[in-house]
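The values are calculated or read from the model by the stated rules, or taken from the named source; none is laboratory data. Just so we're clear, the structure is a prediction, and the values are computed from it rather than from any experiment. Note that we place each Cβ from the backbone using ideal geometry, even for glycine, and neighbour counts take in every protein chain shown. Accessible surface is based on the protein model in full, side chains and every heavy atom, while ligands, DNA and RNA are left aside. Shrake-Rupley method; radii C 1.70, N 1.55, O 1.52, S 1.80 Å.
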Amino acid sequence: MCAQMYYRGKMFGFVHLYNGQEAVSTGFIKLLTKSDSVVSTYCDHVHALSKGVSARAVMSELFGKVTGCCRGQGGSMHMFSKEHNILGGFAFIGEGIPVATGAAFTSKYKREVLKQDCDTVAFFGDGTCNNGQFYECLNMAALYK
């Protein structure tokens, strides 16, 4: 339905469908707890739905309505939900990896110092691994364990 509405000009910006890839992220996200964070790519509407953002809020966001999870300003590629710990979808290749690295450090701090149970997961494609910030963040993650 998203594709049909996009091709009819009812959705603005871009809509990146997640056809054939939903099972991996949905299965992974279903293992997370409410306190776990998710950092996404530009295919973030599936991640938002899997993490518990209502279908109404996601579809409203895709249609640019103020009732969307980002008040219609994020569109398909930039969904965010503080309530569901969706830290955003990022449109550029590898852009979310530094955010995920910081979120993972926050999760580690919460676990070790505050004794809170939380974690962070990031989704990105294999093309991202040829990006400089991917390696920089691997170094930071290894440094801070």
Pick from the range 112-145 the residues that are part of a helix (DSSP H, G or I) and of a type in the set (S, T, N, Q): which of them is farthest from residue 18 (Cα to Cα)?
-> 139
Pick from 102, 74: which is farther than 14 Å from residue 42 by Cβ and either open to solvent by less than 80 Å² (accessible area, probe 1.4 Å) or touching a His at 6+ places or on another chain (Cβ under 9 Å) (or both)?
-> 102
What residue, among those in the range 105-144 that are more than 18 Å from residue 37 (Cα to Cα) and among the charged types (D, E, K, R), is most open to solvent (accessible area, probe 1.4 Å)?
-> 126
Of the residues that make up the range 75-82, is at least one of a type in the set (S, T, N, Q) and farther than 22 Å from residue 133 by Cα?
-> yes
Qualifying residue in the range 98-111 (condition: of a type outside the set (Ser, Thr, Tyr), within 23 Å of residue 128 (Cβ to Cβ), touching a strand residue (DSSP E or B) at 6+ places or on another chain (Cβ under 6 Å) and free of Cβ contacts under 8 Å to residues at least 24 places away in the same chain) | no
For residues that are in contact with a Phe, Trp or Tyr (Cβ under 6 Å, 6 or more places away or on another chain) and either part of a strand (DSSP E or B) or under 16 Å from residue 5 (Cβ atoms) (or both), tally how many sit in the range 61-75.
-> 1
State the number of residues belonging to the range 78-111 that are over 11 Å from the mean Cα position of the chain (by Cα) and not in a loop (DSSP other than H, G, I, E, B).
-> 12
Condition set among the aromatic types (Phe, Trp, Tyr) and surrounded by fewer than 12 Cβ atoms within 10 Å (Cβ to Cβ), scope the range 7-23, selection modelled with the lowest pLDDT: answer is 14
Please find, among 13, 9, 27, 20, the residue that is among the small types (Gly, Ala, Ser), assigned to a helix (DSSP H, G or I) and over 19 Å from residue 103 (Cα atoms).
-> 27
Mind checking which residues of the range 46-60 are assigned to a helix (DSSP H, G or I), open to solvent by less than 40 Å² (accessible area, probe 1.4 Å) and more than 16 Å from residue 3 (Cβ to Cβ)?
-> 47, 48, 50, 51, 57, 60
